Amino acid sequence: MDVKRVKDYLYWLYYQYQLVTCSYVLEPWEQSMFHTITVTVVAMVVYTAYVFVPIHVRLALEFFSQILGAQPESAA
């Protein structure tokens, strides 16, 4: 893929982000604050999903396996 095409595509994605969030109407200092808060929230959501979703999936599988009558694995 051409570097110019990748650059144009990333610029297009950023432009779409600005249109969806209406951040293009903000002043530069407001844009930087908005982007900082948005990146922080997204990072916290990704971290929380990475840490807690596997634990909850494992617990749900254990719960439903007990309900369906499967024998628990012995720790031998």
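Filter the stretch 1-31 for residues that are acidic (Asp, Glu) and surrounded by 10 or more Cβ atoms within 10 Å (Cβ to Cβ) and give the result.
Residues satisfying the conditions are Asp8, Glu30.
When Ala43, Ala70 are screened for being modelled with pLDDT of 95 or more and open to solvent by less than 70 Å² (accessible area, probe 1.4 Å), only Ala43 passes.
The values are calculated or read from the model by the stated rules, or taken from the named source; none is laboratory data. The model shown is predicted, which means the values in this text are computed figures rather than measured ones. Using ideal geometry, Cβ is built from the backbone for each residue, glycine included, and neighbour counts are taken over all protein chains shown. Accessible surface is based on the protein model in full, side chains and every heavy atom, while ligands, DNA and RNA are left aside. Shrake-Rupley method; radii C 1.70, N 1.55, O 1.52, S 1.80 Å.
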